[in-house]
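Reviewing the structure listed below.
The values are calculated or read from the model by the stated rules, or taken from the named source; none is laboratory data. Just so you know, these numbers come straight off a predicted model, no measurement behind them. All Cβ positions, glycine included, derive from the backbone under ideal geometry; neighbour counts span all protein chains shown. When the accessible area is computed, the model is the full protein with side chains, heavy atoms only, and any ligands, DNA or RNA have been set aside. Shrake-Rupley method; radii C 1.70, N 1.55, O 1.52, S 1.80 Å.
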Amino acid sequence: MTIVMEQPDADGLGAAEGALREWQAEGAPTQLHPGDLGWYWRMGAEETAAAVRTWSRDGRILGVGLLDGPRLLRLTTAPDALRDAELARQMAEDASEPERGVLPAGRVSVEAPPGALVDDLLGELGWPTDEPWTPLRRDLTRPVEDSGVRVEEIGPEQAQLRAALHRASFDGSTFTAERWHAMAAGSLYAAARCLVAYDDRDDAVAAATVWSAGPGRPGLLEPLGVHRDHRGRGHGKAISVAAAAALQRLGSSSAVVCTPSSNAGAVATYASAGYRHLPEVRDRYRDA
C-alpha cells in the first residue's frame, strides 16, 4: 500500500492524539509529544486541526506532523517506522515541495526525531542542520522532593492570572485567558495541569503546564516560565521540581523538556532541578 498524507478535521484529531500517545516510551528518541498538540490547542480546535498532518499506510497512522507556526514542521513516526524508507521519502518530499501544502516556499525548518530516516533524506536533499536544542529528562520512579515554594494547580477562575504570568515570562507572547480556556477545552487537557508558584510575599512568580501521555509514559513540560521581574531567585528550579511532582502524580514515568542550547540559564535551571541532559538535537532547514 502507498503512503497517504492527510489533514484531519477537528473531529478527526483523536486518531493523531492516540498515535502520539502510543508512541511515547522510555528510551525512545526525543519526539513530538501529545502535549505539544495540547499546547497548540490554545489556538482553537479548528486551527489545531489545520496545523496537523498525518501519514498512513493501509489505514494505520505511521507519522504525525505539527506545523508549529507557518514555517516549522515538527515530525515524528511510529517507533517501528523510524527507518521506513517509503514513509521517509514521502515525508521528505511533502516537506520539500510547497505545492503539496505542508510548508511554504522560502526559509522553513523541519524537526524530526534523532535517528529518523526522514532526517537523513532531508540532509541528502540539501537541508543543513540548524542551531542545537538540549532535551532534558528527569526520572520519576523515585519520590520527588518538595519544591520549597507554594505551588497551586489552577483552574478556569485563575485563567487571567495564568495568561498574564505567561506574557510576563515570554517576550512577545499573545497568550490570553480566552486562549487558556480554548486549550483547557481540548481533549488533551484532561491529562494536563497548570501550575503557578508563589514567593514568600504571595506574588505569582512562575508557571508551568505539564502534559501526561498516560501512566508509565514520559510526560512533557510545555511551557514553563518565570516572571521577568522575579528571575535569579530560584523560582525556575522550584517550578521545575513542582512540574516533575505533578507529572508523577499523573503516573508519568519521566518528565521531559527541551530548550535551545544557547539558553544556558534554562539548561542550568533544569539541571539544578534534577533533569539530566540528553544528546543535543538539531532541526533541518531550507534556505530561501
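Tabulated data for the structure shown
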item	result
Among residues of segment 62-80, those that are open to solvent by 30 Å² or more (accessible area, probe 1.4 Å) and not acidic (Asp, Glu), counted	5
Qualifying positions in segment 153-168 - more than 30 Å from GLY106 (Cβ to Cβ) and surrounded by 14 or more Cβ atoms within 10 Å (Cβ to Cβ)	ILE154, GLN158, ALA159, LEU161, ARG162, ALA163, ALA164, LEU165, ALA168
Checklist (1) surrounded by fewer than 20 Cβ atoms within 10 Å (Cβ to Cβ); (2) in contact (Cβ under 8 Å) with a residue 24 or more places away in the chain applied to ALA207, failing item	(1)
Which listed residue, of ARG201, ARG193, is open to solvent by 40 Å² or more (accessible area, probe 1.4 Å), touching a strand residue (DSSP E or B) at 6+ places or on another chain (Cβ under 6 Å), of a type outside the set (Val, Ile, Thr) and more than 19 Å from PRO260 (Cα to Cα)	ARG193
Residue in segment 171-191 that is within 22 Å of ALA25 (Cβ to Cβ) and of a type in the set (Lys, Arg) present	no
Within segment 170-288, strands (runs of 3 or more DSSP E) holding 1 or more residues that are acidic (Asp, Glu)	218-226, 281-286
Pairs where the first residue, in segment 251-262, is under 9 Å from LEU136 (Cβ atoms) and at pLDDT 95 or above and the second is of a type in the set (Phe, Trp, Tyr) and open to solvent by 30 Å² or more (accessible area, probe 1.4 Å), C-beta under 9 Å, 6+ apart	CYS258/TRP133; THR259/TRP133
Within segment 169-183, considering residues that are touching a strand residue (DSSP E or B) at 6+ places or on another chain (Cβ under 8 Å) and open to solvent by 10 Å² or more (accessible area, probe 1.4 Å), the one nearest to ALA49 (Cα to Cα)	PHE170
Selection from segment 110-132 of residues that are of a type in the set (D, E, K, R) and crowded, with 18+ Cβ neighbours inside 10 Å	GLU111, ASP119
Number of the condition not met by ASP58 [criteria: (1) charged (D, E, K, R); (2) out of contact with any Asp or Glu (no Cβ under 9 Å at 6 or more places or on another chain); (3) farther than 19 Å from LEU13 by Cα]	(3)
Criterion (among the basic types (Lys, Arg), closer than 28 Å to MET43 by Cβ and open to solvent by 10 Å² or more (accessible area, probe 1.4 Å)) met by exactly one of ARG107, ARG138, ARG83, ARG150	ARG107
Count of residues meeting criterion [open to solvent by less than 50 Å² (accessible area, probe 1.4 Å) and either free of Cβ contacts under 8 Å to residues at least 12 places away in the same chain or touching an Asp or Glu at 6+ places or on another chain (Cβ under 9 Å) (or both)] in segment 4-17	2
